[in-house]
Amino acid sequence: MRKNICVYCGASPGNNPVYAEAAQQLGKTIAQQGRRLIYGGGNKGLMGILANSVLEAGGEVTGVIPELLVEAETAHHGLTKLEIVADMHIRKARMSELADGFIALPGGIGTFEELFEVWTWSQIGYHKNPVGLLNIQDFYSPMSQFLQHVVDEGFVRQSYLNTLLVSDSAHQLLEQFDQYQPHNLDRWAK
């Protein structure tokens, strides 16, 4: 079982209440399955909803937040553990260090940046953990279509795109994580 699940998501709840419901369900599932949440340490938006749902279900939550964002994101001081770090680079590296798998819920530019960085790290061999999208109400479907276009244009191999796990169900995505086997992507072949 992949115990430590890092989740990237918005510090906003978004416009559709289904995103908050999905964050609550993912948090509850993480706790009920005996996993631990690793996330960005905020208490606003989907971040706060996710963390609170894990805690309410009796689970453990580790937040990692940079000093600059402690006030801006209103750091969640009710977590199992809150790590305050110097900057975003250290935050992302620390979250990656703690995690056995990575999930992106809906979010904005920061969520996308974190997702693409950790997915890139898997491609170049910095980790061998699964990366997945919780595709709530097709939030990530346009991006998935664009990524297929990138493959079709020869900038990403199909085998690498296939390593990005996608599901609209928290249970199903975590099941895919537990079955995940790192692939030999022949990274440096032409």
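The distance from the alpha carbon centre of the range 25-73 to that of the range 115-173 is 23 Å, rounded to a whole number. What do you get for the angle between helix 45-56 and the principal long axis of the chain? Use alpha-carbon atoms, 0 to 90 degrees, nearest ten. Taking the Cα atoms of the chain, the angle to 45-56 is about 70 degrees. With K and R counted +1 and D and E -1, the other residues having a Cβ less than 12 Å from that of residue 53 yield a net charge of -1.
This model, with +1 at the C-beta of Lys and Arg and -1 at the C-beta of Asp and Glu, gives the chain a dipole about its Cα centre of some 420 debye. Only one residue of 102, 123, 57 has its Cα farthest out toward the positive end of the dipole of the range 43-135, where Lys and Arg carry +1 and Asp and Glu -1 on Cβ, and that residue is 123. For the range 27-136, the share of DSSP beta bridges that are antiparallel, to the nearest 5, is 10%.
Please report how many Lys pairs in the chain have alpha carbons closer than 19 angstrom, counting only residues at least 8 apart along the chain or sitting on separate chains. Eligible lysine pairs with Cα atoms under 19 Å apart amount to 10. Springs join every pair of Cα atoms under 10 Å in this Gaussian network model of the chain, and among 86, 23, 51 the largest mean-square fluctuation is at 86.
For residue 41, the amide hydrogen comes within under 5 Å of the amide hydrogens of 64, counting only partners 5 or more places away or on other chains and with H modelled in the peptide plane. Counted over all Cα-Cα pairs of the range 1-45, pairs farther apart than 17 Å make up 33 percent.
Bridge orientation summary for the chain: considering DSSP beta bridges with both residues in this region, about 5 percent are antiparallel. Relative contact order of the chain: 21 percent, from C-alpha pairs under 8 Å at least 6 residues apart in sequence.
Scan the chain and report its longest stretch carrying no chymotrypsin sites (Phe, Trp or Tyr not before Pro) that are both in a DSSP loop and have at most 13 other Cβ atoms within 10 Å. Value returned for the longest uninterrupted segment is 1-125. Calculated on C-alpha atoms, the gyration radius of the chain divided by its Kirkwood radius gives an Rg/Rh of 0.96.
Per-residue ellipticity at 222 nm, computed for the chain from helices alone with -39500 (n - 2.57) per DSSP H run of at least four residues, works out to -13500 deg cm²/dmol.
Read the figures in this text as sums done on the coordinates, not as results from a lab. Just so you know, these numbers come straight off a predicted model, no measurement behind them. Note that each Cβ is placed from the backbone with ideal geometry, even for glycine, and that neighbours are counted across all protein chains shown.
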